[in-house]
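A quick write-up on the structure given underneath.
Rule-based calculations on the coordinates, nothing more; no lab input. For clarity, every value in this text was computed on a predicted model and none was experimentally measured. Cβ atoms come from the backbone with ideal geometry, glycine included; neighbour counts cover every protein chain shown.
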Amino acid sequence: MKEQLFYIFIGSFFGVMIGWAILEYVRNQAYQSGYWAGRSSGWKASLEHQQKLQRMKSRAVFDYEKN
């Protein structure tokens, strides 16, 4: 009986550790995926903002002295 309890305890311990390792792996992968998706969208927004500024700078400013 003691030997069976020992094996049940060891099996449960390893089962919990493997389950914990899998959950940590999935959590880390989800974090990395969200992190890089956020970085990507931020970079795109920054590029769009830079392009908008370039368009605004390239437009001719109304010159009051000519009119």
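Of the peptides 1-8, 32-39, the order by per-residue mean of other Cβ atoms within 10 Å, starting with the highest, comes out as 32-39, 1-8. For the pair residue 37 and residue 18 in one chain, pulling the backbone fully straight at 0.36 nm per residue adds 4.0 nm over the alpha carbon distance. Using only the alpha-carbon atoms, how far is helix 2-58 inclined from the longest principal axis of the chain? Give it as 0 to 90 degrees, nearest 10. For helix 2-58, the angle is close to 0 degrees. Here Cα Rg over 2.2 N^0.38 Å was calculated from the structure, and among (1) 1.09; (2) 2.74; (3) 1.38 it sits at label (2).
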